[in-house]
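Just below is one structure, and these are the notes that go with it.
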Amino acid sequence: MTSATLANILYVEDDADIQTVAQIALEVVGGFSLKTCSSGAQAIIEVSNGFVPDLLLLDVMMPNMDGPTTLAELRKLSVTQATPVIFMTAKVQSSEMEFYKSLGAIGVIAKPFDPMELSTQVRSLWQEKP
């Protein structure tokens, strides 16, 4: 069950530099509480161990388990079965955007992203979700 307000974000990104920039953008600028994971497998462990995110923020292209596969696995867990998801990717052609939305994404954020705008983008997509 998703809370009405956005506070806790599960962020999955395999690139350490992008992780750092996004963490500063979302925690310091945006005021969110962030649980950062370097892989889909780590994200599943965090949720299984009790972390309850309000939002899933998933990189699309990751080794071993990509963003869509990570989402499919997180959907098998009761706590994240209906959690809103935003994908982050450099692949933002319309066919790809439609694919991510078909998986249930409330939005897609293009990489590279503007660190000063990231929290605003996330909050905006959160508020527009159905």
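For this structure, a couple of remarks:
- Boolean, SER95 is surrounded by fewer than 13 Cβ atoms within 10 Å (Cβ to Cβ) and modelled with pLDDT of 95 or more: no
- Considering residues of the stretch 64-85 that are of a type in the set (Val, Ile, Thr) and within 14 Å of the chain's Cα centre (by Cα) only, the residue most open to solvent (accessible area, probe 1.4 Å): THR69
- Enumeration of residues in the stretch 77-102 that are in contact (Cβ under 8 Å) with a residue 12 or more places away in the chain and either under 15 Å from LEU55 (Cα atoms) or among the basic types (Lys, Arg) (or both): LEU77, VAL79, THR80, ALA82, THR83, PRO84, VAL85, ILE86, PHE87, MET88, LYS91
- Looking across the stretch 97-118 at every residue that is of a type in the set (Asp, Glu) and not in a loop (DSSP other than H, G, I, E, B), the one that is nearest to PRO130 (Cα to Cα) is identified as GLU98.
- Applying the set (1) open to solvent by less than 90 Å² (accessible area, probe 1.4 Å); (2) over 14 Å from LEU71 (Cα atoms); (3) of a type in the set (A, V, I, L, M); (4) modelled with pLDDT of 95 or more to MET116 leaves exactly one unmet item: (1).
- Selection within the stretch 22-58 - in contact (Cβ under 8 Å) with a residue 40 or more places away in the chain and surrounded by 17 or more Cβ atoms within 10 Å (Cβ to Cβ): ALA22, ALA25, LEU26, GLY30, PHE32, PRO53, ASP54, LEU55, LEU56, LEU57, LEU58
The values are calculated or read from the model by the stated rules, or taken from the named source; none is laboratory data. Predicted, not measured: the structure shown is a model, and the values here were computed from it. Note: ideal-geometry Cβ built from the backbone for every residue, glycine included; neighbour counts use all protein chains shown. Heavy atoms of the whole protein, side chains included, go into the accessibility calculation; ligands, DNA and RNA do not. Shrake-Rupley method; radii C 1.70, N 1.55, O 1.52, S 1.80 Å.
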